[in-house]
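So the structure is just underneath, and the comments pick up after that.
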Amino acid sequence: MQASSTAGKTQASPPTTPPAQSQPRVVIDSVSKDFTVSDRKGSQPLKALDRVSLSINDGEIVALTGLSGCGKTTLLRIIMGLERATSGTVTVGDKVVTGCGFDRGLVFQHAELFPWRTALQNVEFGLEVKGVPKAERRRIAREKLELVGLGAAMDRRPNQLSGGMKQRVGLARALSIEPQVLLMDEPFGALDAQTREGLQLEVLRVHRETGKTIIFVTHDLDEAVLLADRVVLMSPNPGRVDHIFDIPISGPREDLFAIRGLDEFAHTRYEIWRRLMARVHENSEAAHGIDPQGRDRGGDR
Ligand SMILES: Nc1ncnc2c1ncn2[C@@H]1O[C@H](COP(=O)(O)OP(=O)(O)OP(=O)(O)O)[C@@H](O)[C@H]1O
């Protein structure tokens, strides 16, 4: 059983059980993913995910974090339906995921906008695919661009938008199809600190106004603790849920400066970092053929 804790305190209940007052929106049940990787030595199997189980509540914000290669993006892509699990299932609402669907919206690390379309036309794209009539999709696209603070720039093409503005368009595009679940893969990873903070606030505001379930991947522990209700730390080789941290910060999150000053913030961030560092050491020892228990594995040293 995976352990779950608020900062410092281990809880008795397993992490896959959502709090009683809320319905699960996304249920990941024993998901494994095998890839085949090829190099000069030939093809080898690679287990990217190994029996990952996780239940995410309606309206919850969950951050996926962990070392590079632990399967965060693969898991997000499986939830989105862009990748198929080798075994196990993902259920969103009452539907088992078998491919992409309008119940899920994805924000990429780089907004991936069509360069020949304006911000407004880019946001309209998902609605076109959904078959929404022109007047209606224009109205929705305008509304979503206003929601993310881009009302004044909706007629600009991507080459006239800053990196942060492009990400806002990506967010508006994902929201325009009214998904039940918003998935974000390192959405602000490529942005400077100030722009990043502005977008974090935007996400919190959108969440307050829409109550969407949000699952996002981040390497930034500050971002994970600032935004999420729970932080899922994954471990690599193969990708597994290592630990789930409940974030013990209640009330509105919008004052990021004040939240950074809370003991709960510092303590939880430290606990996640400490556990992450333990995995870094284990991995480095494993790479050098050293068993963390002290036995020599006889690797190439
Ligand atoms: N299409 C693919 N074919 C083969 N291997 C893949 C493929 N996609 C991912 N992998 C492998 O699966 C593992 C998990 O990759 P994934 O991108 O999910 O990790 P991650 O935790 O998101 O990494 P990062 O933090 O560096 O973005 C890695 O070892 C990666 O090389």
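The values are calculated or read from the model by the stated rules, or taken from the named source; none is laboratory data. Here the structure is a predicted model, which is why all the values come from computation and not from measurement. Quick reminder, even Gly has a Cβ in these numbers, built from the backbone with ideal geometry, and neighbours come from all protein chains shown. The protein model used for the area step is the full one, side chains on, heavy atoms only, and it has no ligands, DNA or RNA in it. Shrake-Rupley method; radii C 1.70, N 1.55, O 1.52, S 1.80 Å.
Over all alpha-carbon pairs in segment 112-178, figure out the percentage whose distance exceeds 14 Å. Of all Cα-Cα pairs in segment 112-178, 46 percent lie more than 14 Å apart.
Sorted from greatest to least, the principal axis extents spanned by the alpha carbons of segment 56-128 come out as 39, 32, 26 Å.
Distant-in-sequence amide contacts of residue 217, defined by a placed amide H-H separation under 5 Å and a gap of 5 or more residues or a different chain, comprise 64, 184, 185, 186.
Among 226, 193, 111, which residue has its Cα positioned farthest towards the positive end of the charge dipole of the chain, with +1 placed on the Cβ of Lys and Arg, -1 on the Cβ of Asp and Glu, and the dipole taken about the Cα centre? Going by the charge dipole, the pick is 111.
Quickly work out the residue 219-to-residue 102 label distance, labels modelled 7 Å from Cα along the C-beta direction, and quote it in nm with one decimal. Distance between label points: 3.6 nm. Here the Debye sum runs over all C-alpha atoms of the chain as equal scatterers in vacuum, and log10 of I(q)/I(0) at q = 0.06, 0.10, 0.13 Å⁻¹ comes out as -0.21, -0.58, -0.96. Start at zero, step by 5 Å, and the Cα-Cα distances of segment 131-223 spread as 3, 13, 24, 25, 20, 11, 3, 1, 0 percent across the bins. Compared with the alpha-carbon gap, the fully stretched path from residue 114 to residue 273 is longer by 53.5 nm at 0.36 nm per residue. Solvent-accessible surface of segment 112-178, averaged per residue with a 1.4 angstrom probe and all protein chains in place: 48 square angstrom. Length gained on full extension, residue 128 to residue 162: 9.7 nm, using 0.36 nm per residue less the C-alpha separation. Legend: residue pairs 72/134; 47/166; 33/134; 72/166; 41/166, Cα-Cα distance threshold 31 Å; pairs beyond threshold, 72/134; 47/166; 33/134; 41/166. Potential lengthening of the chain between residue 193 and residue 260 amounts to 22.7 nm, from the contour at 0.36 nm per residue minus the alpha-carbon distance. With R₀ set to 22 Å, the beta-carbon distance separating residue 284 from residue 53 gives a calculated FRET efficiency near 0.20.
Dipole magnitude for the chain: about 740 debye, using +1 per Lys or Arg Cβ and -1 per Asp or Glu Cβ, origin at the Cα centre. Helix 163-176 and the long axis of the chain differ in direction by around 80°, with both axes built from C-alpha atoms. Given R0 = 22 Å, the distance between the Cβ atoms of residue 135 and residue 209 translates into a calculated FRET efficiency of 0.40.
Take each peptide in 265-271, 224-230, count the other Cβ atoms within 10 Å of every residue, and average; sorted highest first, the result is 224-230, 265-271. Round to a whole number: what % of the accessible area of the chain belongs to carbon and sulfur, probe 1.4 Å? Answer for the chain is 50 percent, counting heavy atoms of protein chains only. Return the single residue from 259, 140, 272 with maximal mean-square fluctuation; model: Gaussian network over the chain, springs between Cα atoms under 10 Å. So, out of 259, 140, 272, the one fluctuating most is 259. Relative to the dominant Cα principal axis of the chain, helix 119-130 is inclined by about 80°.
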